[in-house]
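Written out below as structure tokens is the structure these notes cover.
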Amino acid sequence: MSEPNDRPAGAGRWRNWTGDERCMPAAIERPASLDQLSAAIAGARGRGLPVRVAGAGHSFSDIACSDGLLLKLDRMATVLDVDPSAGQVRTQAGITLRELSRRLAAEGLALANLGDIDVQSLAGAISTATHGTGARLANLSAQVTELTLALADGSTLACSPTRDPEAFRAARVGLGSLGAIAEVTMRCVPAFTLHGVDAPAPLADTLERFEELALGNDHFEFFVFPHASTALTRTNNRTEAMPRPRGRVRAYADDVLLTNHAFELLCRTGRRFPTRIPHINRLVTRLAGSRERVDRSAEIFATPRLVRFTEMEYALPRERTPEAVRRVMEVIEQRGFAVPFPIEVRTVAGDDAFLSTAAGRQSGFVAVHMYRQMPWEPYFRAVESIMLELGGRPHWGKRHFQTAATLRGRYPDWDRFQSVRARLDPEGRFANAWTERVLGPVGVADAVGEPSG
């Protein structure tokens with residue numbers, strides 16, 4: 001696609017990590033300070049441009065796309081203050097989770113929980129309720145104690161549980177629709193070591209014991225390939241043992257050669273020969289052995305992701321999770337979907353952010369994936385229908401087919417969020433096609449409707 005000759009100065013192209021969501025903003029700016037960020041937003045207002053903020057591009061939807069001003073905060077990545085005695089860190093919002101974990105480790109601190117990808121920006125991960133796994137541990141946004149937003153009129157707002165608590169509960173999972181997160185204060189814990197065990201187990205037994213396994217481990221998750229009857233379980237528990245980091249060669253062999261390059265080859269084979277996918281999936285499951293690791297928490301939580309895919313994930317009441325997995329496995333068989341990626345299952349504790357996917361309930365998460373350049377929509381729609389029947393809420397950073405009208409009834413505090421949105425961004429400056437579809441126009445009450453598939 002060629003760029004028009006009349007593209008304004010500063011215009012550019014942007015795409016997400018997978019490469020299947022792209023946009024051509026009128027301008028892309030990379031501020032390095034709060035003042036520069038506020039000035040960029042004020043400038044966009046003067047030009048009549050909408051504004052969106054892009055993190056590392058690890059969302060699978062068009063949530064960050066814009067034809068106006070696209071802000072990239074990768075130059076706002078400075079740790080501003082660390083207080084080990086209080087267990088808090090204040091940082092600019094564009095820092096990656098990997099770099100934040102590295103800086104915290106140097107101070108003897110860590111984040112209590114992380115997901116399995118650490119290249120996201122902190123602001124992006126917070127805004128979409130990114131999570132790891134742990135039945136007693138909430139998502140990343142629940143570790144936030146204060147936020148500073150750059151608002152649509154060029155002003156700033158600092159909010160916390162005691163300073164504008166309504167804005168704080170909205171902005172913790174703000175979906176980029178309230179303002180641009182500029183600074184974040186996070187609650188930390190003393191650095192800790194994890195003992196990680198990966199082991200295959202019968203799927204039927206894993207589902208039967210799901211509550212026991214979720215509550216009996218600090219962090220529990222499992223993967224299951226379609227057409228297989230074995231779950232690949234992962235448990236991570238705190239230990240007093242000293243970290244035993246892998247050597248560089250072993251880490252490369254485990255995380256790059258096997259987990260990524262070999263899997264990429266199998267996915268390509270499945271894409272070319274879809275009828276072979278059931279055999280390939282069962283082969284991969286049989287070859288997956290057990291392994292143990294003892295290392296710093298951030299090293300155990302995160303793994304490199306080099307194989308490109310797209311994803312949908314739903315949060316459910318935790319007790320409905322086993323049923324959801326069984327039904328997804330059944331629909332793949334019944335509909336003949338060619339799926340070379342495993343289903344991923346995790347747990348998260350409830351919290352009180354207005355639009356957190358785990359708001360007000362203990363949650364299980366079921367994620368489905370599709371390898372790049374393979375048809376994903378029929379599969380995802382079939383899975384979504386199951387999730388909606390079970391009370392599911394879609395992950396904000398991943399694919400789904402819901403709208404404001406179908407989502408409103410799934411969030412008890414939906415209208416409170418919309419009230420804060422109308423107060424902080426009355427002109428709808430931080431809007432795009434995604435927010436129009438998923439949140440609706442600013443200040444317009446949604447008709448209450450039955451959630452649809």
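The values are calculated or read from the model by the stated rules, or taken from the named source; none is laboratory data. On a predicted model such as this, the values are computed, not experimentally measured, just so you know. Backbone-built Cβ (ideal geometry, glycine too); neighbour counts: all protein chains shown. Remember, those area values only see protein heavy atoms, side chains included, never the ligands or the DNA or RNA. Shrake-Rupley method; radii C 1.70, N 1.55, O 1.52, S 1.80 Å.
Per DSSP helix of 4 or more residues, -39500 (n - 2.57); summed, then divided by the residues of the chain. What does that give at 222 nm, rounded to the nearest 500? That comes out to -8000 deg cm²/dmol. From the alpha carbon centroid of the range 122-187 to that of the range 219-279 is 32 Å.
Calculated on C-alpha atoms, the gyration radius of the range 63-126 divided by its Kirkwood radius gives an Rg/Rh of 1.03.
Here, the range 389-434 has an Rg and a Dmax of 12.2, 36 Å when only alpha carbons are counted.
By the beta carbon rule, with partners counted only under 4.7 Å, the chain holds these lone Cys residues: C159, C188, C267. The orientation-averaged shadow of the Cα convex hull for the range 223-304, equal to a quarter of the hull surface, comes to 6.0 nm².
What a 1.4 Å probe finds exposed on the range 117-159 is 52% carbon and sulfur by accessible area, rounded to a whole percent. Taking all C-alpha pairs of the range 333-453, those more than 19 Å from each other amount to 54 percent. Annotation: peptides 291-300, 394-403, 240-249, ranked by per-residue average of other Cβ atoms within 10 Å with the highest first, follow the order 394-403, 291-300, 240-249. Extension gain for R30 to R276 (0.36 nm times residue separation, less C-alpha to C-alpha distance): 84.0 nm. In percent, rounded to a whole number, the relative contact order of the range 114-255 is 21, using alpha-carbon pairs under 8 Å and six or more apart. Note on the range 55-210: Kirkwood hydrodynamic radius from all Cα pairs is 16.7 Å, rounded to one decimal.
With the convex hull constructed from alpha-carbon coordinates only, the range 30-91 shows a mean projected area of 5.4 nm² over all directions. Would you please report the Å³ per residue occupied by the convex hull of the alpha carbon atoms in the range 1-143? Measuring per residue, one finds 120 Å³ for the Cα hull of the range 1-143. Here, the range 136-219 has an Rg and a Dmax of 18.9, 56 Å when only alpha carbons are counted. The alpha-carbon atoms of the range 235-384, seen along their principal axes, cover 49, 42, 23 angstrom, with the largest extent given first.
Can you give the log10 of the normalised intensity I(q)/I(0) at q = 0.25 Å⁻¹, computed with Debye over equal Cα scatterers of the range 108-179? Reported log10 I(q)/I(0), two decimals: -1.17.
Principal axis extents of the Cα atoms in the chain, from largest to smallest and rounded to whole angstrom, are 60, 50, 45.
Taking every alpha-carbon pair within the range 152-275, the share separated by more than 26 Å comes to 56 percent. Counting only protein heavy atoms and a probe of 1.4 Å, the accessible surface of the range 343-453 is 52% carbon and sulfur. For the range 235-327, carbon and sulfur atoms together expose 55% of the accessible surface, with a 1.4 angstrom probe and every protein chain in place. A 1.4 Å probe run over the protein chains yields, for the range 188-331, 50 Å² of accessible area per residue, whole-number rounding. Sequence-distant contacts, meaning Cα pairs under 8 Å at least 6 residues apart, place the relative contact order of the chain at 16 percent. Sorting 375-385, 68-78 by average packing, meaning the other beta carbons within 10 Å per residue, from highest down gives 68-78, 375-385. The value of relative contact order for the range 304-453, using C-alpha pairs under 8 Å at least six residues apart, is 28 percent.
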